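Report on one structure; see the data block that follows.
The values are calculated or read from the model by the stated rules, or taken from the named source; none is laboratory data. These figures come from a predicted structure and were not determined experimentally. Neighbour counts are summed over all protein chains in view; Cβ atoms, including those assigned to glycine, are modelled from backbone coordinates with ideal geometry. For the accessible areas, the whole protein counts, side chains as well, though only heavy atoms, and no ligand, DNA or RNA atoms are used. Shrake-Rupley method; radii C 1.70, N 1.55, O 1.52, S 1.80 Å.
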Amino acid sequence: MPTTVIKDAVRTLRLYNVITGPMKKFYIETFGCQMNAHDSEKVVGTLMSRGYEQVEEPGDADLVLYNTCSIRDKAEQKVFSRLQEFKRHSKGRVFGVLGCVAQQEGEKIFERAPHVSLVCGSASYNRLPELLVQIESGQKRVTGLSLDTEDTFETPLTRRDNPHRAYITIIEGCDKSCAYCVVPFTRGPERSRTGTSILEEAGELARMGYTEIQLLGQNVNSYRDPTPGGPDFARLIRQMGEVPGLKRVRFTTSHPRDFVKEIVDAIDENPVLCNHVHLPVQSGSTSVLKAMQRLYTRDDYMRRIEWMKRSPRSIAITTDIIVGFPGETESDFEQTLDLIDQVEYDSVFSFKYSRRPNTPALALDDQISEEEKTRRIMILQERQRGIQMRRNAGYIGTIEEVMVEGFNKATAQWIGRTSQNKTLNFNHAAGGIGAGQYLPVRVLRAGPNSLVGEGVN
Ligand code: SAH
Ligand code: SF4
Ligand code: F3S
């Protein structure tokens, strides 16, 4: 965001506080996925427009907020240990729990952490201003927990953390019901924004100087404009690719069932659309996919991979995999290993299956032991490491365009990101370089997780 815009906004807010009294301070900590990160940016905007000032330390704040994740048990436990750590500093402070643990646990949070006053799930963020009024008037326990919503959460003022790359949530919630997953319970049903409002926001962001936009959704490609005749996802990304000023448009996460060939065609035809697709497979075994209620077979998934492999733009493909889903046999697991060999992913996020409240998989017999899950995930990660080494080595000698993200003092190198979403650290002889610039960089070395190169003059 240009500094003049920030200064104007801050000046307006200060003025507002001359009337309403001393500025209240808030601290927010965010766990979980990019949707949560972006929700927090919108919550920050909402609070700032009510005259709150953001601080970096919870100890300096009047209002402490945790925007939480409950995708795996560990993530949920982290939230409660954070709340516990701050219990002794609770005097005179208001604590709020937002996000997926808030929605999942609801009022039970007040029992477990009595110093909490606000519990609000993401489907109720539109009610935050009203809930804040109740808190400000001294109410001790306030909740926003309805999932009965057709709204999406949009705010007039969003405080974005990165001055060059902006997130836009285009679809909220999830209508699938994968047997292991809490998201349908924590984020409610699918709601898409109108294409017009998305394109307007993108245009506005481009005019403010953002050059990269990342479209977000739990299943981003299930997007469907709610107005009759409005764009589907493939058409929306084509339109996004035409917004003047944008150099890169990304999107995540794509669900294989709704991943149509037109998405690959759109990427093929417009270099503004980044050549990277995150397409979580979860398992390489059709019978496990069926038990997971994933709505596609291994063959369906591989067909989508083939579309991308045939693209002239060399699309980087990344995925998520769960090991140790109930009933996963050694042979099922070997099919997952075989699938990663076939696809040759650029990166894999792998997780040990975690039992989650309310989910259908809770009732399944044949749970896999923790030791066995650990064994499988280690084999998977080792195998994938070799694949990434080989794939990344293939970039040595090529010239890639990066967006500069910053400078790493420890290595004295610039940090760049390619369209394929690979980190490319580089030295540059010329001066005058800064974050947000786009530069050509020659790749000299490759590791499993990043590339190293030098700027091309
Ligand atoms: N909507 C996306 C996934 C979002 S959740 C999709 O359907 O592809 C992000 C990832 O967390 C999932 O892809 C899955 O790999 C992992 N995950 C979700 N629930 C999990 C659980 N109960 N145990 C372990 N991993 C889980
Ligand atoms: Fe969870 Fe499945 Fe929905 Fe993804 S599609 S958010 S894994 S229920
Ligand atoms: Fe976590 Fe909720 Fe995102 S469970 S991964 S924060 S949708």
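Checking each residue in region 239-278 for being more than 16 Å from ligand 1 (Cβ to nearest atom), among the basic types (Lys, Arg), in contact with a strand residue (DSSP E or B) (Cβ under 8 Å, 6 or more places away or on another chain) and open to solvent by 10 Å² or more (accessible area, probe 1.4 Å) picks out only Lys247.
Would you point out the residue of region 104-117, among those that are more than 20 Å from Ala75 (Cβ to Cβ), buried (at least 17 other Cβ atoms within 10 Å of the Cβ) and not polar (S, T, N, Q), that is farthest from ligand 3 (Cβ to nearest atom)? For region 104-117, the residue satisfying everything is His115.
Counting only residues that are on the phi > 0 side of the Ramachandran plot and either part of a strand (DSSP E or B) or open to solvent by less than 50 Å² (accessible area, probe 1.4 Å) (or both), region 402-442 holds 2 of them. Looking across region 26-49, the residues that are more than 23 Å from Gly217 (Cβ to Cβ), in contact (Cβ under 8 Å) with a residue 60 or more places away in the chain and buried (at least 19 other Cβ atoms within 10 Å of the Cβ) come down to Leu47, Met48.
Residue under question is Ala291, and the condition is that it be among the small types (Gly, Ala, Ser), open to solvent by less than 30 Å² (accessible area, probe 1.4 Å) and in the same structural domain as Ile237 (by TED's automatic domain parsing); does it hold? Criteria not met by Ala291.
Residue-wise test of (1) aromatic (Phe, Trp, Tyr); (2) on the phi > 0 side of the Ramachandran plot.
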| position | (1), (2) |
| --- | --- |
| Val323 | no, no |
| Gly327 | no, yes |
| Thr336 | no, no |
| Leu339 | no, no |
| Glu344 | no, yes |
| Phe351 | yes, no |
| Ser354 | no, no |
| Ala361 | no, no |
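Does Leu199 meet the test of being more than 14 Å from ligand 3 (Cβ to nearest atom) and of a type in the set (A, V, I, L, M)? The answer is yes for Leu199. Within region 65-83, the residues that satisfy the criterion of being among the polar types (S, T, N, Q) and either surrounded by fewer than 21 Cβ atoms within 10 Å (Cβ to Cβ) or within 15 Å of ligand 2 (Cβ to nearest atom) (or both) are Ser70, Gln77, Ser81.
Taking the criterion of being farther than 14 Å from Phe333 by Cβ, under 26 Å from the mean Cα position of the chain (by Cα) and part of a helix (DSSP H, G or I), the residues of region 363-401 that qualify are Arg385, Ile387, Gln388, Met389, Arg391, Asn392.
The set of residues in region 138-160 being open to solvent by 70 Å² or more (accessible area, probe 1.4 Å) and modelled with pLDDT under 90 consists of Asp148, Glu150, Asp151, Glu154, Pro156, Arg159. Within region 265-289, residues that are under 15 Å from Glu212 (Cβ atoms) reach partners that are within 16 Å of ligand 1 (Cβ to nearest atom) and open to solvent by 10 Å² or more (accessible area, probe 1.4 Å) with beta carbons closer than 6 Å, at six or more positions or on different chains, in the pairs Cys274/Arg250.
Scanning region 404-432 for residues that are free of Cβ contacts under 8 Å to residues at least 24 places away in the same chain, touching a Ser or Thr at 6+ places or on another chain (Cβ under 8 Å) and of a type in the set (D, E, K, R) yields one hit, Arg417.
Can you find a residue that is of a type outside the set (S, T, N, Q), within 16 Å of ligand 3 (Cβ to nearest atom) and either more than 26 Å from Ser177 (Cβ to Cβ) or in the same structural domain as Thr252 (by TED's automatic domain parsing) (or both) anywhere in region 333-347? No, region 333-347 has no match at all.
Within region 94-103, identify whether any single residue is away from ligand 2 (no atom under 16 Å from the Cβ), in a helix (DSSP H, G or I), assigned by TED's automatic domain parsing to the domain that holds Gly32 and buried (at least 24 other Cβ atoms within 10 Å of the Cβ), and answer yes or no. The answer is yes, given that some residue of region 94-103 is away from ligand 2 (no atom under 16 Å from the Cβ), in a helix (DSSP H, G or I), assigned by TED's automatic domain parsing to the domain that holds Gly32 and buried (at least 24 other Cβ atoms within 10 Å of the Cβ). For Ser283, are the conditions met, namely being more than 16 Å from ligand 2 (Cβ to nearest atom) and either at pLDDT 95 or above or open to solvent by 10 Å² or more (accessible area, probe 1.4 Å) (or both)? No; evaluated as a whole, the condition is false for this residue.
Checked against the criterion of being open to solvent by less than 40 Å² (accessible area, probe 1.4 Å), in the same structural domain as Ser354 (by TED's automatic domain parsing) and of a type in the set (Gly, Ala, Ser), region 171-178 contains one or more residues that satisfy it. Anything in region 74-113 that is of a type in the set (Ser, Thr, Tyr) and free of Cβ contacts under 8 Å to residues at least 12 places away in the same chain? List them, or say none. Passing the criteria: only Ser81. Among the residues that make up region 165-181, is at least one of them polar (S, T, N, Q), assigned to a loop (DSSP other than H, G, I, E, B) and away from ligand 3 (no atom under 16 Å from the Cβ)? No: region 165-181 contains no residue that is polar (S, T, N, Q), assigned to a loop (DSSP other than H, G, I, E, B) and away from ligand 3 (no atom under 16 Å from the Cβ).
Count of region 182-209 residues, restricted to those that are in a loop (DSSP other than H, G, I, E, B), aliphatic (A, V, I, L, M) and open to solvent by less than 20 Å² (accessible area, probe 1.4 Å), is 1.
Residue-level check: of (1) touching a strand residue (DSSP E or B) at 6+ places or on another chain (Cβ under 7 Å); (2) part of a helix (DSSP H, G or I); (3) of a type in the set (Asp, Glu), Glu130 misses just (1). Residues that are among the aliphatic types (A, V, I, L, M), over 25 Å from Ala179 (Cβ atoms) and modelled with pLDDT of 95 or more: does region 360-380 have at least one? No.
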